[in-house]
Number of protein chains: 2
Amino acid sequence: MTDRLAVSQAGDSAFAARQFGGRRGPAPKQDRAARTKSLVLTAAAELFAARGFRHTSVKDVADRVEMTKGAVYFHYPTKEALALAVVEHLYAKWPTLLEETRARKLSPLDTAAEMLDRAALAFRDDVVVQAGARLQLERPHIDAELPPPYVDWTELLTGLLSAALDEGQIKAGTDPAAAARALVAGFFGMQHISDVLEQRADIVERWAEVRDFLFGALRT
Amino acid sequence: MTDRLAVSQAGDSAFAARQFGGRRGPAPKQDRAARTKSLVLTAAAELFAARGFRHTSVKDVADRVEMTKGAVYFHYPTKEALALAVVEHLYAKWPTLLEETRARKLSPLDTAAEMLDRAALAFRDDVVVQAGARLQLERPHIDAELPPPYVDWTELLTGLLSAALDEGQIKAGTDPAAAARALVAGFFGMQHISDVLEQRADIVERWAEVRDFLFGALRT
């Protein structure tokens, strides 16, 4: 997981644009272009999250950022490229989250729980995460090679649960990969059902329920 | 839950058609019509499961059963009506499953586990279940009032877990509704991920993992 996530983070110009965005004085041309690209990506994410891929056009995105369609096409040659960029941008968020969580130097099991707690908040509050989740559901209808969902999270959690097993935090005999798959299934199912039934307004409570059951089952 | 499921079961002519389908001798006209309707529904389910709502036309359904479009329209006036019928047909399966499971006179907790085990098999083997699951994901793009997903299963499992709590089968202090929501989230997430990554070929093993964790956490 680390390799692919590291690559996608390094290659994400929108992230870089945001880091430089707070600087004072006139921005060099390249920074301006990156900022524009980032604005386009956010507008596309808002529209994909609200309406889905099919009912969003490049013209809608251009209108939202008050640009011409040509200006959007300059950064993203097709609507599919925009969808791919949104999903890649979502995937680039998780390594950042992992780094921030690791900085807290929690135990492996608490790191896993904290990562998922923060992911639940991101599904509630972050339009790129919401858009990425919707686009992943719509992947049969999007003519682009979106990165596979679930796989990276399962690998990340398998690693953390293996470490937790070594440290005696979870029950002896636990299969870390099976437990990781159960966590990803519970998390994904919870967030999807919360989205369908409550537009994710209850996601934090719903995740607490699922988390307490699953981590309760694991913990020694 | 019981009421709505009972109504939808009673109103399901395709079920009735199938029950009478094995009878010998010439079928009365009404039975023939019901059998035809059932054939159309199954063909629609196969196409919706494989291609989704958008990429299935009434003409495709008619071609599959070697009928005219008019013959299909006689039973289902629109493609939306076909989608609704498939989802309702799926929903009508669960009360039958519950009745069959109850006949085995298992404990409430084992009834819950058995229901979900058999649901996992249905997701693997039954095209109406597969079509219904796909149509529910596509509901933002279908102009019909599909019945809400997840709610009936959550109520069914809440009832079974309440009974299990009364009988001392699950840990004192368990909130049956919260546990039911966690079960539904784990089951739904598991089946969806198995569908996306493995076309549900591994659903039985994946469900066994999730079930063992969740029921392990519940059991006294």
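The values are calculated or read from the model by the stated rules, or taken from the named source; none is laboratory data. Just so we're clear, the structure is a prediction, and the values are computed from it rather than from any experiment. All Cβ positions, glycine included, derive from the backbone under ideal geometry; neighbour counts span all protein chains shown. Please note that ligands, DNA and RNA were not included when accessible areas were found on the heavy atoms of the full protein model with its side chains. Shrake-Rupley method; radii C 1.70, N 1.55, O 1.52, S 1.80 Å.
Of note:
- Scanning the range A:115-154 for residues that are in contact (Cβ under 8 Å) with a residue 60 or more places away in the chain and out of contact with any helix residue (DSSP H, G or I) (no Cβ under 9 Å at 6 or more places or on another chain) gives no hits.
- Number of the condition not met by residue B:78 [criteria: (1) surrounded by fewer than 19 Cβ atoms within 10 Å (Cβ to Cβ); (2) over 20 Å from residue B:146 (Cα atoms)]: (2)
- Annotation: of all residues in the range B:155-189 being in a helix (DSSP H, G or I) and in contact (Cβ under 8 Å) with a residue 60 or more places away in the chain, the one that is most open to solvent (accessible area, probe 1.4 Å) is B:155.
- Against the conditions (1) open to solvent by 40 Å² or more (accessible area, probe 1.4 Å); (2) on the phi > 0 side of the Ramachandran plot, residue A:206 satisfies every one except (2).
- Applying a threshold of 7 Å to beta carbon distances and a minimum spacing of six or more residues, or different chains, the list of pairs starting in the range B:19-48 at a residue that is under 19 Å from residue B:131 (Cβ atoms) and at pLDDT 95 or above and ending at one that is among the acidic types (Asp, Glu) and surrounded by 10 or more Cβ atoms within 10 Å (Cβ to Cβ) reads B:47/B:60.
- Scanning the range B:105-132 for residues that are within 14 Å of residue B:42 (Cα to Cα) and surrounded by fewer than 20 Cβ atoms within 10 Å (Cβ to Cβ) turns up B:125, B:126, B:127.
- Subset tally (residues that are basic (Lys, Arg) and touching an Asp or Glu at 6+ places or on another chain (Cβ under 8 Å)) for the range B:88-117: 2
- Restricting the range A:102-137 to residues that are within 12 Å of the chain's Cα centre (by Cα) and small (Gly, Ala, Ser), the residue that is farthest from residue A:156 (Cα to Cα): A:131
- Evaluated against (1) crowded, with 18+ Cβ neighbours inside 10 Å; (2) outside any loop (DSSP other than H, G, I, E, B); (3) more than 9 Å from every other protein chain (Cβ to nearest Cβ), residue A:200 falls short on exactly one condition, (2).
- Residue match in the range A:84-104 (condition: touching a residue at least 24 places away in the same chain (Cβ under 8 Å) and assigned to a loop (DSSP other than H, G, I, E, B)): no
- Any hit, the range B:86-104, residues being surrounded by fewer than 18 Cβ atoms within 10 Å (Cβ to Cβ) and basic (Lys, Arg): yes
- In the set (1) open to solvent by 10 Å² or more (accessible area, probe 1.4 Å); (2) part of a helix (DSSP H, G or I); (3) within 11 Å of chain B (Cβ to nearest Cβ); (4) out of contact with any Asp or Glu (no Cβ under 8 Å at 6 or more places or on another chain), residue A:148 fails one condition alone, (2).
- Of A:134, A:219, A:211, all but one fail to be basic (Lys, Arg), touching a strand residue (DSSP E or B) at 6+ places or on another chain (Cβ under 7 Å) and more than 8 Å from chain B (Cβ to nearest Cβ); the exception is A:219.
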